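Engineer: To start, I am sharing the structure in question, which I have written as structure tokens.
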Amino acid sequence: MTYFVTGATGFIGRHLVERLLERDGEIHVLVRPESIGRLDALIHRWGGAARIRPVLGDLSKPLLGLAPAQVAELRGTIDHFFHLAAIYDMTASEAQDRLANVEGTRHAVALAGVLEAGCLHHVSSIAVAGEYRGVFREDMFDEGQPLPHPYHRTKFEAEQIVRQEHVVPWRVYRPGIVVGDSHTGEMDKIDGPYYFFKLIQRLGDALPSWLPLVVPELGNTNIVPVDYVAAAMDRIAHEPGLDGRAFHLVSPRPQRAAEVVNAFARAAGAPRIAVQIEDELTLGLADTSRALLRRLPGARTVRRAALAQVGIPEAAVDNMDLVPVFSTEATEAGLDGSGLEVPDLSTYAQALWDYWEANLDPDKFRADSSLASAVNGKTILITGASSGIGRAAAIKLARAGGIPLLVARSADKLEDVRDEIAAFGGTAYVYTADVSDPESIDQLVAQVLSDHPAVDVLVNNAGRSIRRSIALSYDRFHDFERTIQLNYLGAVKLILTLLPHMRARKSGHIVNISSIGVQTSPPRFSAYVASKAALDAFTRVVGSETIADRVTFTTIHMPLVRTPMIAPTKLYNSFPTISPEEAADLICDAIRKKPKQVNTRLGTFGEVAYALAPKAVDQLLHLAYRVFPDSAAARGQVGGDEVVSREQLALAHLTRGVHW
């Protein structure tokens, strides 16, 4: 057998060539001159150098750009002409789709005729069915189905060209949404369901895996692994008596999109969909809401920005629901006796997820994602930098090439941090200031801007914590005044003083260290949580005003950290905490990625639980209030010993199973 293959360096094409190499004969591969290096690498991988014949050409040119001498040499020698070269991408422009899918197919059909090929094998797509309602059979083609997207239209036109302009026998293959290899998970790009992997990953980071999700009806889809597609094409292409037919290379059982999401969520350790709300139950509210949003000025921009945060293109959402159902009788007959069948997604979802996470996750492999590229040479003002979280963050940022501006009340401790940074070749500067004093902040900022051309990042880390029940606070209004003066007013004053500088430069990022307490409302922290909640609210409001000036904000809802601030409360020794270094990692990620918020699973769960069942949460928190009394210090017993009861240890032990 002798073969001619277009698109052999593409994802499906290279898997097909691997199958063809298991047979006898030469394989002529169309390749552009600039892609010779890529083909050479694949030939090395295939191990079939002696049987692969590169043919220089171009999909966009008549007869695929083959020289007359090449056409003459190949005429009458090709048994099977496989045309795979096309754009398989819902996000491509219509001009790109038309050039590759329509004109490229027209040139391939013409070349197959000139070469007098034994059979033309065209790789089409289930996209030709568009939004046909009902079962789309393999013997169906032009049924007047709506074709809403350029990809649908160009794949339909390409198959139409094969059917109407062929001069040699033909066979058409319509794969479903092709994903990676079911054994290795290998995939070459982010496409199809992979667009939603980042969202699934973030849900897994933010929420416990056992939390059930309630979502609107997601509809159907149909995904199939590339190794099955290549193997089925190879088998059917070599079976006699099947010319003039189309074959659906799809899952024979319609796949609910929610089932697919849950398969990948299970692989990711993310929460799974438990309930889908059917469209009928929403009384048309979903359609009405979408219609209203389309009319609102800027609504599409907001939607696009929200999807971009998790790397989902609008086209992927708009075409997520696959309307037709596809029959597979012809395919099953062609594969009879081969043992080939589509594997259940549950058997290979983990392989797909693992490969994506190791090789395609954009957060790992984006060129500018490293901390060094984000902070190298930039000045980062950190309050509370003399110890704990501030100190650990300053050291990590300095190691990455950042220039920390260390701020605290104690010069001696700050100088120790500066000396530690200098010891490994980093640079840091020391500034003493009382962040709870507005005049001290004015002096601080004036000095900093005199010494440095810019402040690129501000980390509001300095804070005060008070754990005292409201029953012991009736005559301690000063607790609230002191806490809010530092945690809220001090941070706001520093932001207000630096913000004009950042807005004028059209550059700046502000990281505010908030608390998991804002999300979970623990008893006895009314003064502390209120001060942090005020800062959260300020940040949300101001953050929307500074977008055009490229000044961004991140709020970190920090979990319990082992720092001197919590040392007086011995009870905390029984609770799960993170180290200052782990807390510093959260700050570094906030500077690197610039998210709106950095949350923990426990904190997010607290917010969701309170939104769903506030009274139940109050009862649970009241139980914690009764089990964990005020400390000796809170009761005014200076030097008193704190006794941790068996009940306290039991409740603390329960929280140890919660992943931050």
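Engineer: Are any residues in the stretch 124-172 crowded, with 19+ Cβ neighbours inside 10 Å and among the basic types (Lys, Arg), and if so, which ones?
Structural biologist: Correct list: Arg153, Lys155, Arg171.
Engineer: Something else: Somewhere in the stretch 556-571, is a residue among the charged types (D, E, K, R), modelled with pLDDT under 90 and assigned by TED's automatic domain parsing to the domain that holds Glu481?
Structural biologist: yes
Engineer: Further question on the same structure: Could you list, in sequence order, the residues of the stretch 195-253 that are β-branched (Val, Ile, Thr) and either outside the structural domain of Ala117 (by TED's automatic domain parsing) or assigned to a loop (DSSP other than H, G, I, E, B) (or both)? Before the answer, list the steps.
Structural biologist: Residues of the stretch 195-253 β-branched (Val, Ile, Thr): 200, 214-215, 221, 223-224, 226, 229, 236, 250.
Matches in the stretch 195-253: Val250 only.
Engineer: Ser544 - would you say it is under 26 Å from Glu582 (Cβ atoms), in a helix (DSSP H, G or I) and either at pLDDT 90 or above or not assigned by TED's automatic domain parsing to the domain that holds Arg409 (or both)?
Structural biologist: Criteria not met by Ser544.
Engineer: When you look at Gly176, is it within 21 Å of Pro324 (Cα to Cα) and free of Cβ contacts under 8 Å to residues at least 24 places away in the same chain, yes or no?
Structural biologist: no
Engineer: Within the stretch 82-92, is there a residue that is buried (at least 21 other Cβ atoms within 10 Å of the Cβ), assigned by TED's automatic domain parsing to the domain that holds Gly244 and assigned to a strand (DSSP E or B)?
Structural biologist: Within the stretch 82-92, one or more residues are buried (at least 21 other Cβ atoms within 10 Å of the Cβ), assigned by TED's automatic domain parsing to the domain that holds Gly244 and assigned to a strand (DSSP E or B).
Engineer: Which residues, counting only those in the stretch 542-557, are farther than 25 Å from Val529 by Cα and in contact with a Gly (Cβ under 9 Å, 6 or more places away or on another chain)?
Structural biologist: Residues satisfying the conditions are Thr546, Asp549, Arg550, Val551.
Engineer: Tally the residues that are over 16 Å from Val323 (Cα atoms) and in contact (Cβ under 8 Å) with a residue 12 or more places away in the chain, restricting the search to the stretch 239-258.
Structural biologist: 8
Engineer: Does Ala316 satisfy being at pLDDT 95 or above, crowded, with 17+ Cβ neighbours inside 10 Å, among the small types (Gly, Ala, Ser) and part of a helix (DSSP H, G or I)? Steps first, please.
Structural biologist: Numbers: at pLDDT 95 or above: no; crowded, with 17+ Cβ neighbours inside 10 Å: yes; among the small types (Gly, Ala, Ser): yes; part of a helix (DSSP H, G or I): yes.
The answer is no for Ala316.
Engineer: Now, a different point. How about the stretch 345-400: which helices (runs of 4 or more DSSP H) wholly inside it have at least 2 residues that are charged (D, E, K, R) and modelled with pLDDT under 90?
Structural biologist: Hits in the stretch 345-400: 362-365.
Engineer: With at pLDDT 65 or above, part of a helix (DSSP H, G or I) and either surrounded by fewer than 17 Cβ atoms within 10 Å (Cβ to Cβ) or not assigned by TED's automatic domain parsing to the domain that holds Gly508 (or both) as the only criterion, which of Glu332, Glu341 stands out?
Structural biologist: Details: Glu341 fails: part of a helix (DSSP H, G or I).
That would be Glu332, the only listed residue that is at pLDDT 65 or above, part of a helix (DSSP H, G or I) and either surrounded by fewer than 17 Cβ atoms within 10 Å (Cβ to Cβ) or not assigned by TED's automatic domain parsing to the domain that holds Gly508 (or both).
Engineer: Within the stretch 500-519, identify whether any single residue is β-branched (Val, Ile, Thr), over 25 Å from the mean Cα position of the chain (by Cα), at pLDDT 90 or above and surrounded by fewer than 22 Cβ atoms within 10 Å (Cβ to Cβ), and answer yes or no.
Structural biologist: Looking only at the stretch 500-519, we keep the residues that are β-branched (Val, Ile, Thr), and these are 510-511, 513, 516, 518.
Then drop every residue that is not over 25 Å from the mean Cα position of the chain (by Cα), which leaves 518.
Going one step further and asking which of them are at pLDDT 90 or above, we end up with 518.
Next, only the ones that are surrounded by fewer than 22 Cβ atoms within 10 Å (Cβ to Cβ) stay: none.
No - not one qualifying residue is present in the stretch 500-519.
Engineer: If you don't mind, there's one more thing I want to ask. Does the stretch 261-274 include one or more residues that are among the polar types (S, T, N, Q), on the phi < 0 side of the Ramachandran plot and at pLDDT 70 or above?
Structural biologist: yes
Engineer: I need the full set of residues from the stretch 197-213 which are modelled with pLDDT of 85 or more and either surrounded by fewer than 20 Cβ atoms within 10 Å (Cβ to Cβ) or aliphatic (A, V, I, L, M) (or both), in order please.
Structural biologist: Lys198, Leu199, Ile200, Arg202, Leu203, Gly204, Pro212, Leu213
Engineer: A further question on this structure: Check every one of the helices (runs of 4 or more DSSP H) wholly within the stretch 443-524 and list those with 2 or more residues that are over 22 Å from Val598 (Cα atoms). Please lay out each step first, then the result.
Structural biologist: Working: elements: 477-484, 491-505, 517-520.
In the stretch 443-524, the matching helices (runs of 4 or more DSSP H) lie at 477-484, 491-505.
Engineer: Mind listing whichever residues of the stretch 1-34 are loosely packed, with under 15 Cβ neighbours inside 10 Å and closer than 21 Å to Tyr88 by Cβ? Lay out the reasoning, then the answer.
Structural biologist: Narrowing the stretch 1-34 to residues loosely packed, with under 15 Cβ neighbours inside 10 Å: 1, 22-25, 33-34.
If the condition is that a residue be loosely packed, with under 15 Cβ neighbours inside 10 Å and closer than 21 Å to Tyr88 by Cβ, then Glu34 is the only one that fits.
Engineer: Mind checking which helices (runs of 4 or more DSSP H) fall wholly inside the stretch 1-75 and carry at least 2 residues that are at pLDDT below 95 and under 35 Å from the mean Cα position of the chain (by Cα)?
Structural biologist: Hits in the stretch 1-75: 11-20, 36-46.
Engineer: When you go through Leu360, Leu397, Leu371 one by one, which is the residue that is buried (at least 24 other Cβ atoms within 10 Å of the Cβ) and in contact (Cβ under 8 Å) with a residue 24 or more places away in the chain?
Structural biologist: Leu397
Engineer: Based on this model, can you work out whether Ala112 counts as closer than 26 Å to Glu239 by Cα, modelled with pLDDT of 95 or more and touching a Leu at 6+ places or on another chain (Cβ under 6 Å)? I'd like the intermediate steps shown before the answer.
Structural biologist: Numbers: closer than 26 Å to Glu239 by Cα: yes; modelled with pLDDT of 95 or more: yes; touching a Leu at 6+ places or on another chain (Cβ under 6 Å): yes.
Spelling it out, Ala112 is indeed closer than 26 Å to Glu239 by Cα, modelled with pLDDT of 95 or more and touching a Leu at 6+ places or on another chain (Cβ under 6 Å).
Engineer: Let me ask something else about it. Answer with yes or no whether Val435 is part of a loop (DSSP other than H, G, I, E, B), touching a helix residue (DSSP H, G or I) at 6+ places or on another chain (Cβ under 9 Å) and either more than 24 Å from Asn376 (Cα to Cα) or at pLDDT 95 or above (or both).
Structural biologist: Yes: the conditions hold for Val435.
Engineer: Keeping to the stretch 1-38, report how many residues are under 21 Å from Ala112 (Cβ atoms) and touching a strand residue (DSSP E or B) at 6+ places or on another chain (Cβ under 7 Å).
Structural biologist: The qualifying residues number 19.
Engineer: For the stretch 524-559, what are the residues that are in contact (Cβ under 8 Å) with a residue 24 or more places away in the chain and basic (Lys, Arg)?
Structural biologist: Matches in the stretch 524-559: Arg524, Lys532, Arg550.
Engineer: Quick check on Thr379: is it on the phi < 0 side of the Ramachandran plot, in contact with a His (Cβ under 8 Å, 6 or more places away or on another chain) and polar (S, T, N, Q)?
Structural biologist: yes
The values are calculated or read from the model by the stated rules, or taken from the named source; none is laboratory data. Everything numeric in this text was worked out from a predicted model, so none of it was measured. As a convention, Cβ positions derive from the backbone with ideal geometry for all residues, glycine included, and neighbour counts pool all protein chains shown.
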